[in-house]
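Written out below as structure tokens is the structure these notes cover.
The values are calculated or read from the model by the stated rules, or taken from the named source; none is laboratory data. Nothing here was measured: the structure is a model prediction, and the numbers come from that model. As a convention, Cβ positions derive from the backbone with ideal geometry for all residues, glycine included, and neighbour counts pool all protein chains shown. Note: accessible area is taken over every heavy atom of the protein model, side chains too, but ligands, DNA and RNA are not part of it. Shrake-Rupley method; radii C 1.70, N 1.55, O 1.52, S 1.80 Å.
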Amino acid sequence: MRTPQKLVTLMIACGSIGLIATISATLSANQSTPPPSVQSGTTPATTTTPARELVSTYCVSCHNQRVKTADLALDQADGHVFDSAETWEKVIVKLRSRAMPPPGGRRPDNATYDKVATWLETELDRAAAAHVNPGRPAELHRLNRTEYANAVRDLLGVEIDPKAMLPPDELAYGFDTNADALSMQPALLDRYLNAAAKIARLAVGDPTIPAGFERYTALKDNSNESTWLWQNERLGEEFPLGSRGGIVARHYFPVDGEYVFKIRLDRTDTGLIRGLHARNDIETRIDGVRVGQLSIGGTPELTVGNANANPDDSDPRNPLANADDRLEVRASVKAGMRQVIATIVKSDNLELEGLGPHSLPIWSREHTTRTDNPLVISSLLIGGPYGGRVSQESQNRRRLFVCEPTSGRDETACARKILSALARRAYRRPLTNDDIQTLLSFYQAARAQGDFDAGIRAALECVLVSPDFLFRIETDPAGAAPGTVYALPDVELASRLSFFLWSSIPDDELLETATRRKLHEPPVLEQQVRRMLSDARARTALVHNFFEEWLQTRNVWLLTPDLNQKFPWFDDNLRVAFVKEMELFLDAELKEDRSIVDLLTSNQTFLNEQLARHYGISGVYGSHLRRVTLSDENRFGLLGKAGILAVTAYSTRTAPTIRGKWLLENILAAPPPAPPPNVPALEESSKDGKPRSVREMLEVHRKNPVCASCHARMDPLGLSLENFDAIGQWRTTDAGAPINASGVLLDGTKVDGPAALRRALVAQKEQFVRTVTGKLLTYGIGRGLDYYDAPAIRGIVRAAAADDYRWSSTILALVNSAPFRMRRTGS
């Protein structure tokens with residue numbers, strides 16, 4: 001492994017020394033700088049205003065300089081609200097969520113709540129417009145591993161698996177796009193160096209690449225050979241008709257040559273292959289074309305003792321243990337990105353797709369020890385190249401090699417042309433002569449030891465480890481005074497925009513527009529935003545990166561429901577359906593440019609037979625997820641999606657407190673305070689040993705006054721979803737008693753079940769849109785929000801309201817906001 005000093009030396013060689021010095025200073029210091037204070041006047045704290053009247057009547061008995069409950073004193077808060085903006089923004093959050101005064105105390109009516117909150121917002125927004133404070137994201141913002149992979153894809157046409165090359169990124173404020181959390185340690189830089197070397201060889205098409213194998217499994221987030229995925233039906237649109245199960249892989253073939261495809265089958269706990277009692281035909285396809293078909297099973301030596309434990313299970317010569325060794329196909333493949341499929345030709349004697357409550361659990365001992373269950377493909381190994389040859393026809397090579405030298409005298413000029421085009425896109429800005437000379441020096445050093453391709457490969461490695469590629473860099477104007485507010489230069493705005501909407505680098509059109517200094521012009525900026533939103537990359541990036549982190553549905557892959565007692569029918573087919581339903585639903589919301597409120601109210605979703613059965617919906621057949629119009633209002637919108645309901649529950653039971661907290665944080669932007677230390681667990685049974693329902697457990701818990709104040713906010717929200725069990729199925733009883741999903745929200749609204757809760761939330765739709773906008777802004781600018789961002793969020797929401805809060809209007813307003821288009825210099 002390279003030492004830290006060598007790593008820094010390599011970065012210096014591929015970037016400017018000044019930039020490296022900036023990186024060192026940045027990574028060793030906190031990037032957050034306090035905003036400059038703005039004195040708007042000297043109005044005394046006792047000035048009579050609607051806010052002062054409410055505070056004096058309801059708040060100061062607890063929130064004063066002497067008691068200072070929750071570290072908040074309102075008796076001295078300035079009557080000119082902008083001079084105490086941070087305090088008054090906290091008050092607005094409490095007023096809008098009806099969180100204060102606490103339940104049980106004297107409280108204003110809803111009209112007073114709204115009147116005072118609106119007055120405060122108007123005053124703060126007016127002052128903020130006169131004293132713009134866009135905040136200050138970190139000067140250096142490392143690409144997270146998803147952005148890195150997308151940048152490599154859009155730069156070189158090479159798709160990589162970033163999880164195999166780079167470690168996970170830290171989350172901050174709910175997202176892995178936060179600049180302060182994206183540090184660069186020497187060990188991580190070493191991973192980037194190794195990744196750059198591998199990617200450069202793939203992109204150039206190095207015929208000397210040593211042959212090696214890459215492994216693909218049936219589940220994209222599964223690293224184990226054994227899965228809980230039934231393969232009794234066609235698994236998706238990628239698979240051929242008449243197939244069942246299998247694996248689909250997108251694999252990059254670096255050069256023309258021969259490649260080997262090995263298929264591995266699922267095994268019992270004792271290592272014996274399942275399904276060999278019957279003949280199965282297995283196909284291998286590349287880009288839809290069959291390149292091999294192999295048969296296995298149904299022969300006498302593979303059927304002996306197949307239903308019982310075999311005394312020679314551990315013998316490697318046992319044909320039931322090694323029969324898949326011969327499942328190997330060798331084929332010639334042209335260089336480039338290809339789709340490879342290994343699948344089983346379907347026969348007519350298999351069970352229905354998916355599991356139900358009366359089916360044999362796939363994880364059970366009855367299943368895992370038997371060899372007469374259906375054959376399942378567990379992994380696909382792709383190896384090579386063998387006899388590799390540089391492909392002059394490869395589209396990816398032509399993307400990189402924009403010219404080919406005809407003689408030795410042409411090589412340097414051609415290399416300059418290739419590297420200039422490459423670095424301009426990679427660095428996301430116009431190049432300097434130093435940029436070009438640095439890359440040419442790497443090219444020339446490698447060319448002296450090898451051929452032209454070797455020189456380009458060395459320079460490409462340099463590009464991929466350059467700070468200009470690995471970091472998004474925003475520098476203050478030279479000579480600007482501390483605390484100065486300035487508009488981002490067009491090229492920096494282009495990077496913000498492309499990483500926000502595409503999680504990737506600007507394309508040629510966006511970069512060219514920025515280079516011509518036209519991007520900041522309102523009509524041009526709107527045209528570019530709409531063009532980028534119409535690109536499928538925007539929907540893919542927002543669904544997989546923004547929505548999955550905001551809604552926490554990435555955690556579906558971590559679910560471990562109680563399979564022994566509670567949910568024996570849960571399997572990975574259902575898990576995948578949870579994920580796909582969310583992806584297709586959110587993609588449709590963006591593609592059709594629906595209202596943000598539609599996330600709560602939509603009666604549209606996407607189901608296959610197994611998920612429809614899970615929801616109690618009839619008339620849906622097969623493994624394909626298709627659009628379905630829901631008739632049960634309880635299933636409308638996000639709150640009826642099993643993926644969300646499952647990640648907000650425990651493995652054995654529901655968790656109304658977790659669901660209520662999730663709603664407060666992600667739907668209402670009114671997060672509860674952190675729980676006190678040593679909170680006791682819920683008492684699951686009474687003193688006589690009788691099991692309690694979850695509602696009864698929480699009623700006992702709330703008798704503790706320390707717990708009651710927060711639970712009064714969370715529990716009514718969570719309990720209204722109690723009809724949904726821990727994996728999102730509808731139920732009517734808990735612990736033998738009928739479900740009671742009723743409650744009273746803090747504003748006095750009575751709710752009884754998911755449909756009533758949804759109506760209550762839609763009644764506060766502007767608050768929901770503010771929540772989504774705040775999450776989207778946090779994701780887009782790469783820093784946590786502060787009190788001075790609240791006026792901008794309210795401005796975005798007001799602008800979007802004119803177009804029914806459609807996604808395009810909200811995103812356009814966000815892109816035009818001060819936090820996105822501007823920046824404040826450091827102190």
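Confirm whether GLU509 is in contact (Cβ under 8 Å) with a residue 40 or more places away in the chain, exposed (fewer than 15 other Cβ atoms within 10 Å of the Cβ) and part of a helix (DSSP H, G or I). Answer is no for this residue.
Of the residues GLU147, GLU170, the single one that is open to solvent by 10 Å² or more (accessible area, probe 1.4 Å) and either farther than 18 Å from PHE469 by Cα or in contact (Cβ under 8 Å) with a residue 12 or more places away in the chain (or both) is GLU170.
Please state which one of ALA413, ALA421 is open to solvent by 20 Å² or more (accessible area, probe 1.4 Å) and closer than 26 Å to ALA149 by Cβ. Steps first, answer last, please.
Details: ALA413 fails: closer than 26 Å to ALA149 by Cβ.
Exactly one residue qualifies, and that residue is ALA421.
If you scan region 798-811, which residues turn out to be surrounded by fewer than 21 Cβ atoms within 10 Å (Cβ to Cβ), touching a residue at least 12 places away in the same chain (Cβ under 8 Å) and assigned to a helix (DSSP H, G or I)?
Just the residues of region 798-811 that are surrounded by fewer than 21 Cβ atoms within 10 Å (Cβ to Cβ), to begin with: 798-799, 801-804, 806, 808-809.
Narrowing further to those that are touching a residue at least 12 places away in the same chain (Cβ under 8 Å): 799, 801, 804, 806, 808.
Residues satisfying the conditions are ALA799, ALA801, SER808.
Would you be able to say whether some residue in region 284-301 is touching a helix residue (DSSP H, G or I) at 6+ places or on another chain (Cβ under 6 Å) and in a helix (DSSP H, G or I)? Looking through region 284-301, at least one residue is touching a helix residue (DSSP H, G or I) at 6+ places or on another chain (Cβ under 6 Å) and in a helix (DSSP H, G or I).
Applying the criterion of being open to solvent by 10 Å² or more (accessible area, probe 1.4 Å) and either among the acidic types (Asp, Glu) or assigned to a strand (DSSP E or B) (or both) to the residues of region 254-278, the residue that is farthest from PRO210 (Cα to Cα) is ASP269. Do the conditions hold for GLY795, that is, is it out of contact with any strand residue (DSSP E or B) (no Cβ under 9 Å at 6 or more places or on another chain), in contact (Cβ under 8 Å) with a residue 60 or more places away in the chain and over 26 Å from TRP119 (Cα atoms)? Here the answer is no, as GLY795 does not meet what is asked.
Based on this model, can you work out whether LEU381 counts as open to solvent by 20 Å² or more (accessible area, probe 1.4 Å), under 29 Å from VAL576 (Cβ atoms) and modelled with pLDDT of 90 or more?
On the way: open to solvent by 20 Å² or more (accessible area, probe 1.4 Å): yes; under 29 Å from VAL576 (Cβ atoms): yes; modelled with pLDDT of 90 or more: yes.
Here the answer is yes, as LEU381 does meet what is asked.
Residues that are over 23 Å from GLY483 (Cβ atoms), touching a residue at least 24 places away in the same chain (Cβ under 8 Å) and assigned to a helix (DSSP H, G or I) do not occur anywhere in region 100-107. When region 311-345 is limited to residues that are surrounded by fewer than 18 Cβ atoms within 10 Å (Cβ to Cβ) and in a loop (DSSP other than H, G, I, E, B), the one that is modelled with the lowest pLDDT turns out to be PRO311.
Against the numbered list (1) open to solvent by 50 Å² or more (accessible area, probe 1.4 Å); (2) closer than 29 Å to TYR779 by Cβ; (3) not in a helix (DSSP H, G or I), ARG531 comes up short only at (3). Restricting region 741-772 to residues that are touching a Ser or Thr at 6+ places or on another chain (Cβ under 8 Å) and assigned to a loop (DSSP other than H, G, I, E, B), the residue that is nearest to GLY105 (Cα to Cα) is LEU746.
Which of the helices (runs of 4 or more DSSP H) found entirely inside region 392-447 contain at least 3 residues meeting this: at pLDDT 95 or above? I'd like the intermediate steps shown before the answer.
Values: elements: 395-400, 411-427, 433-447.
So the answer is 411-427, 433-447.
Looking only at region 465-497, which residues are assigned to a helix (DSSP H, G or I) and either touching a helix residue (DSSP H, G or I) at 6+ places or on another chain (Cβ under 6 Å) or open to solvent by 20 Å² or more (accessible area, probe 1.4 Å) (or both)?
Residues of region 465-497 assigned to a helix (DSSP H, G or I): 465, 467-470, 490-497.
The answer is VAL465, PRO467, ASP468, PHE469, ASP490, VAL491, GLU492, ALA494.
Restricting ASN178, ASN144 to those that are touching a Gly at 6+ places or on another chain (Cβ under 7 Å) and polar (S, T, N, Q) reduces the list to ASN178. Selection of helices (runs of 4 or more DSSP H) fully inside region 558-677 by the criterion of at least 3 residues being open to solvent by 20 Å² or more (accessible area, probe 1.4 Å) and not basic (Lys, Arg) returns 572-591, 656-666.
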